1. Kindly indicate whether any position in the range 29-38 is modelled with pLDDT of 55 or more and either surrounded by 10 or more Cβ atoms within 10 Å (Cβ to Cβ) or within 21 Å of the chain's Cα centre (by Cα) (or both).
2. I'm checking my understanding of the structure. Among residues of the range 93-107 that are small (Gly, Ala, Ser) and open to solvent by 60 Å² or more (accessible area, probe 1.4 Å), which one is farthest from Gln128 (Cα to Cα)?
3. For the range 153-194, what are the residues that are of a type in the set (D, E, K, R) and within 17 Å of the chain's Cα centre (by Cα)?
4. In the range 144-160, which residues are under 30 Å from Ile205 (Cα atoms) and among the basic types (Lys, Arg)?
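The values are calculated or read from the model by the stated rules, or taken from the named source; none is laboratory data. Predicted model, so just to flag it, every value in this text is computed and none were measured. Here the Cβ is made from the backbone with ideal geometry for all residues, glycine too, and neighbour counts use every protein chain on show. In case anyone asks, the SASA skips ligands and DNA or RNA and just uses the protein heavy atoms, side chains included. Shrake-Rupley method; radii C 1.70, N 1.55, O 1.52, S 1.80 Å.
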Amino acid sequence: MMQPNKTLFPRGVSRALSLLAAVGMLLWAVQPADAQNVASQKAYFGSGVTEILNPNGGVVLSGYMKTSSVGDLLIGFSMECALWTSTSTTATKGGAKTTSTARAAVNVTVYVDGTQAEPGQVVYCDRQHTVSLQFSSLTVEVTDAITLDLFLKTKNANHFNFYQKNVGSGVHYVEVKVDSLVSSDPNAPADPGTRAVAGKRSLVIEEYNNP
């Protein structure tokens, strides 16, 4: 007696359908990676190493943080800050005092969901370089003018804690924006010139409950 054929599809098609069903179950069981990471994290850390010359207010680091219904955010930002200032002052024999000035600064502002975090904009480094020169001489050997060129270059790392209270429950987007102030002495050489540089940096975001 012939046995009834219990296979509704050819063997190859049946195997392919079984594989597709297994993949579908796997995709259904796995949550999106980003949502899972944000939901499970206790703190966020990010970093960058590329130097930014004369930053103009762009985002240099950002991250997401999930909070409870009574959560506040504590945001720590550390950054290297380099300043170059160059001045050139010329004084004429017997003339009045002459002055030249150059200034460079780097400022940081943190935003939580588009709202500025406390305490607002923070100065990470700022230098005003001013030089005055007066040429007085009674000797005939000295020429009728003298020029003084000065260049200063410094680099240091600073840290500041920003915060945002009562952000409410959910996932929040934190971004760090860095801008600079560069005021050059028009009489100074263009090279090396006056510059402001944002260097290596790191961002730490934590939830806290401040009683």
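1. Step one: of the range 29-38, the residues modelled with pLDDT of 55 or more are 37-38.
Next, only the ones that are either surrounded by 10 or more Cβ atoms within 10 Å (Cβ to Cβ) or within 21 Å of the chain's Cα centre (by Cα) (or both) stay: 37-38.
Yes, that holds for at least one residue.
2. Quick first cut of the range 93-107, residues small (Gly, Ala, Ser) only: 94-96, 100, 102, 104-105.
After this cut, where a residue has to be open to solvent by 60 Å² or more (accessible area, probe 1.4 Å) as well, the list is 94, 96.
Numbers: Gly94: 28, Ala96: 22 Å.
The qualifying residue farthest from Gln128 (Cα to Cα) is Gly94.
3. Taking the range 153-194 and keeping what is of a type in the set (D, E, K, R), we get 153, 155, 165, 175, 177, 179, 185, 191.
Matches in the range 153-194: Lys155, Glu175, Lys177, Asp179.
4. Keep residues of the range 144-160 that are under 30 Å from Ile205 (Cα atoms), which gives 154-160.
Answer for the range 144-160, where residues must be under 30 Å from Ile205 (Cα atoms) and among the basic types (Lys, Arg): just Lys155.
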